[in-house]
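The values are calculated or read from the model by the stated rules, or taken from the named source; none is laboratory data. This one's a predicted model, so the numbers in the text were calculated from it and none came from an experiment. Here the Cβ positions follow ideal geometry from the backbone for every residue, glycine too, while neighbour counts run over all protein chains shown.
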Amino acid sequence: MNGVKSNSSKSLRGVVLYAVALLISVAMFLPFLWSVITSFKPDEEIFSVPIRFLPSKITFEHYIAAFETVPFARYFMNSFYLAVMGVLTNLFFGSLSGYAFAKLSFRLKQPIFRVLLMAMMIPGIVTMIPSFYVLMKFPFLGGNDWMGSGGYGLVNSFWAIILPGASGTFAVFFMRQFFLTLPSDMMEMARIEGAGEFRIFLRIYLPLTKPALATLGIFTFQAGWNAFLWPMIVLNDPMKHTIQMGLQAFSYNHQTDFGPMMAGAIIAILPILILFILLQKYFVQGIAFSGVKG
């Protein structure tokens with residue numbers, strides 16, 4: 001009798017948990033669904049009273065307006081280039097640093113890693129002014145002399161976005177955690193065979209980190225694609241603006257053109273959505289295996 005009650009209690013608990021999870025999922029999905037539907041609504045139905053959830057007719061005028069109002073295609077390519085470059089640099093240098101912290105022995109290894117962990121806790125907004133100053137004072141670039149004066153350095157160039165994020169602290173920590181789960185026997189055998197450290201990293205260990213690389217790649221691409229404040233600070237040339245900066249063009253004079261803005265937002269979401277669908281298997285594996293060892 002007690003066994004029946006226990007099974008009934010577990011079943012009821014499971015039903016409640018699934019119901020709560022379903023409600024949370026619906027609450028999280030509804031804003032996205034509303035944005036998609038709004039992007040296909042005629043202007044007069046976006047804020048009609050009573051609220052019309054489904055449009056009376058489907059129109060693509062907002063998508064056309066999004067590309068006609070601003071050079072949206074150019075902004076899309078700028079964002080894609082910056083996101084891809086951010087992924088490539090972050091994966092390579094983050095993996096290289098993570099391998100060093102996980103598999104190599106060198107002086108001050110632990111203190112340096114603790115400093116890295118503390119750096120992860122510093123909000124990015126705090127380092128924006130020093131980062132801008134460093135980029136502006138780069139010598140021999142952007143009209144600067146050898147003292148870093150007279151020009152703008154790397155400001156107003158794509159390198160001002162790529163270089164500061166080339167090896168993020170999270171990337172180093174994440175890849176270090178994954179490298180710790182891999183055995184060191186292969187490294188010792190390769191050293192006996194005469195292989196150098198970089199070759200061991202590139203040929204033996206890096207191919208084994210595909211799940212972690214896919215996970216970190218998704219995180220990095222998403223962060224680079226959605227970046228708004230830092231590109232707005234360092235990019236003054238309108239032809240170098242990103243897609244997130246382009247979305248603000250639909251809000252002007254205290255008014256917002258919601259139709260084209262929703263259409264632009266849906267276009268901006270598509271690359272991340274496609275990337276996650278293609279790499280979700282590796283993403284789940286990377287989350288499962290990272291953080292096993294400290």
Consider Ser167 carefully, then state whether it is in contact (Cβ under 8 Å) with a residue 24 or more places away in the chain, buried (at least 16 other Cβ atoms within 10 Å of the Cβ), in a loop (DSSP other than H, G, I, E, B) and of a type in the set (Ser, Thr, Tyr). yes
Anything in region 126-149 that is within 18 Å of Pro231 (Cα to Cα) and either aliphatic (A, V, I, L, M) or touching an Asp or Glu at 6+ places or on another chain (Cβ under 7 Å) (or both)? List them, or say none. Val126, Met128, Ile129, Val134, Leu135, Met136
Can you tell which of Tyr205, Tyr152 is outside any helix (DSSP H, G or I) and either among the aromatic types (Phe, Trp, Tyr) or more than 26 Å from Asn78 (Cβ to Cβ) (or both)? Tyr152
What do you reckon, is Phe158 buried (at least 18 other Cβ atoms within 10 Å of the Cβ) and either among the polar types (S, T, N, Q) or in contact (Cβ under 8 Å) with a residue 24 or more places away in the chain (or both)? no
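Okay, residues lined up against (1) of a type outside the set (A, V, I, L, M, F, W, C); (2) modelled with pLDDT of 85 or more; (3) buried (at least 19 other Cβ atoms within 10 Å of the Cβ); (4) under 30 Å from Leu154 (Cα atoms):
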site	(1), (2), (3), (4)
Met232	no, yes, no, yes
Asn236	yes, yes, no, yes
Phe250	no, no, yes, yes
Ser290	yes, no, yes, no
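Conditions tested, residue by residue: (1) buried (at least 22 other Cβ atoms within 10 Å of the Cβ); (2) of a type in the set (Gly, Ala, Ser); (3) over 30 Å from Ala265 (Cα atoms).
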{"site": "Ile162", "(1), (2), (3)": "no, no, no"}
{"site": "Met175", "(1), (2), (3)": "yes, no, yes"}
{"site": "Pro183", "(1), (2), (3)": "no, no, yes"}
{"site": "Ile192", "(1), (2), (3)": "no, no, yes"}
{"site": "Ala212", "(1), (2), (3)": "yes, yes, no"}
{"site": "Phe219", "(1), (2), (3)": "no, no, no"}
{"site": "Gly224", "(1), (2), (3)": "yes, yes, no"}
Helices (runs of 4 or more DSSP H) completely within region 12-123 that count 1 or more residues being within 23 Å of Pro271 (Cβ to Cβ): 61-69, 72-103
Considering Leu141, Leu88, Leu117, which residue is in contact with a Leu (Cβ under 7 Å, 6 or more places away or on another chain), in the same structural domain as Ser184 (by TED's automatic domain parsing), of a type outside the set (Val, Ile, Thr) and surrounded by fewer than 18 Cβ atoms within 10 Å (Cβ to Cβ)? Leu141
From Phe101, Phe67, Phe76, grab the single residue that is in the same structural domain as Leu247 (by TED's automatic domain parsing), within 20 Å of the chain's Cα centre (by Cα) and surrounded by 14 or more Cβ atoms within 10 Å (Cβ to Cβ). Phe76
